[in-house]
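Participant: Shown below is the structure under consideration.
The values are calculated or read from the model by the stated rules, or taken from the named source; none is laboratory data. No experiment lies behind these values; they were computed from the predicted model shown. Backbone-built Cβ (ideal geometry, glycine too); neighbour counts: all protein chains shown.
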Amino acid sequence: MNKIVFALGTLALACLPLCSQAAAKPEVEVMVLGSYHFGNPGQDIVNTQVDDVLSPRRQAELQALTRQLARFRPTKLMVEREADQFPGQQLPAYAAWRAGQRREVRNEVEQVGYRLAEQLGHEAVYGVDADGDFPFEAVQTFAKQHGQEAQLQAQLDALQRRNKAVEQSLAHASISQLLAAFNRPQAILADHQFNSIALRYGRAAEQPGAELYGQWALRNARICARIVQLSQPGDRLLVLFGAGHSYWLRQCVQEQPGWKLVEALPYLEGRR
């Protein structure tokens, strides 16, 4: 056992020069841009009612946002679409966008992802989403059966209040300002905590909250695996996903040796 520990320690010491080089020059830089859903697909537990992203006001804001994000100079854009069935996970819909189609689609993938990729002259946009389970009903059933229904409802009410605050800010905030709010550290943590609080629901071998938490983590691990596998040394990746994914995707990026997480907030606030 002591020999194994010594060998591992020796390996760690030997890595120091290489590790310092990796720290000095990141192999891959990644911006995780968390977003609200422009088209309000109604697939979340609590959904935000948004205004029309195709309005002249919002289209002008999107042009400004694109200029801000372009300063990051991403070499690849990766978005919340499944594309395992396509060669290289390159989305055919992006070619349609470049041909002048899909401009009326009210989704952040088109309105931010495709728009930015086109401005940068990219030949492809990559879909890295993955399917997964979200067994929230089991948590609700457990809470009802064990006197925790009011506690769970209080959490849902708090989430609803957050969404109402976003809806109220739509009247005066630009898209860049709205995205900045979603990409602040406290907002990223709050989105993650809704799932981590689920760990309160369960006893002994019956753990629906842990199952929900684990399934959400697994889906995000599947997404990050696709990001990692599509990357090349020297890449600057912009990953555009619903804000609820930000915590896990950021963590995954930070765990990759030689990778650097680039904060979106300075670009959204015009400080870069």
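Participant: Of the conditions (1) modelled with pLDDT under 95; (2) assigned to a helix (DSSP H, G or I); (3) closer than 25 Å to PRO266 by Cβ, HIS172 fails just one. Which one is it?
Facilitator: (2)
Participant: Which numbered condition in (1) closer than 21 Å to TYR267 by Cβ; (2) part of a helix (DSSP H, G or I); (3) free of Cβ contacts under 8 Å to residues at least 40 places away in the same chain is the only one that ALA158 fails?
Facilitator: Every listed condition holds for ALA158 apart from (1).
Participant: Condition check: at pLDDT 95 or above, surrounded by fewer than 19 Cβ atoms within 10 Å (Cβ to Cβ), outside any loop (DSSP other than H, G, I, E, B) and of a type in the set (A, V, I, L, M, F, W, C). Does ALA14 satisfy that? Quick ask: steps written out before the conclusion?
Facilitator: Details: at pLDDT 95 or above: no; surrounded by fewer than 19 Cβ atoms within 10 Å (Cβ to Cβ): yes; outside any loop (DSSP other than H, G, I, E, B): yes; of a type in the set (A, V, I, L, M, F, W, C): yes.
Taking the combined requirement at face value, the residue does not satisfy it.
Participant: Let me ask another. Taking the options ARG73, ARG81, name whichever one is in a loop (DSSP other than H, G, I, E, B) and touching a Gly at 6+ places or on another chain (Cβ under 7 Å). Even if it seems obvious, please write down each step before you answer.
Facilitator: Values: ARG73 fails: touching a Gly at 6+ places or on another chain (Cβ under 7 Å).
Residue meeting the stated conditions: ARG81.
Participant: Which one of VAL139, VAL166 is part of a helix (DSSP H, G or I), in contact with a Ser or Thr (Cβ under 8 Å, 6 or more places away or on another chain) and either aliphatic (A, V, I, L, M) or surrounded by fewer than 16 Cβ atoms within 10 Å (Cβ to Cβ) (or both)?
Facilitator: VAL166
Participant: Something else now. Could you please let me know if GLN90 is surrounded by 18 or more Cβ atoms within 10 Å (Cβ to Cβ) and at pLDDT 95 or above?
Facilitator: Working: surrounded by 18 or more Cβ atoms within 10 Å (Cβ to Cβ): no; at pLDDT 95 or above: yes.
Taking the combined requirement at face value, the residue does not satisfy it.
Matching residues to (1) under 16 Å from VAL79 (Cβ atoms); (2) part of a helix (DSSP H, G or I):
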position	(1), (2)
ALA221	no, yes
CYS224	yes, yes
LEU238	yes, no
HIS245	yes, yes
GLN251	no, yes
PRO257	no, no
TYR267	no, yes
ARG271	no, no
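Participant: Identify, from the list ASP191, ASP131, the residue that is crowded, with 17+ Cβ neighbours inside 10 Å, within 28 Å of PRO74 (Cα to Cα) and among the acidic types (Asp, Glu). Steps first, answer last, please.
Facilitator: Details: ASP131 fails: crowded, with 17+ Cβ neighbours inside 10 Å.
Selected residue: ASP191, the only one of ASP191, ASP131 that is crowded, with 17+ Cβ neighbours inside 10 Å, within 28 Å of PRO74 (Cα to Cα) and among the acidic types (Asp, Glu).
Participant: Just to verify a result, which residue in the range 142-155, among those that are free of Cβ contacts under 8 Å to residues at least 40 places away in the same chain and either at negative phi or assigned to a helix (DSSP H, G or I) (or both), is farthest from the chain's Cα centre (by Cα)? Break it down into steps so the answer makes sense when it comes.
Facilitator: Kept after step one, since they are free of Cβ contacts under 8 Å to residues at least 40 places away in the same chain, are these residues of the range 142-155: 144-145, 147, 149-150, 153-154.
Pick out the ones that are also either at negative phi or assigned to a helix (DSSP H, G or I) (or both) and you get 144-145, 149-150, 153-154.
Details: LYS144: 31, GLN145: 34, GLU149: 30, ALA150: 30, GLN153: 26, ALA154: 26 Å.
Going through the qualifying residues, I end up with GLN145.
Participant: Give GLN254, GLN177, GLN168, GLN160 a once-over and let me know the one that is in contact with a helix residue (DSSP H, G or I) (Cβ under 9 Å, 6 or more places away or on another chain) and among the polar types (S, T, N, Q). Lay out the reasoning, then the answer.
Facilitator: Numbers: GLN254 fails: in contact with a helix residue (DSSP H, G or I) (Cβ under 9 Å, 6 or more places away or on another chain); GLN168 fails: in contact with a helix residue (DSSP H, G or I) (Cβ under 9 Å, 6 or more places away or on another chain); GLN160 fails: in contact with a helix residue (DSSP H, G or I) (Cβ under 9 Å, 6 or more places away or on another chain).
Exactly one residue qualifies, and that residue is GLN177.
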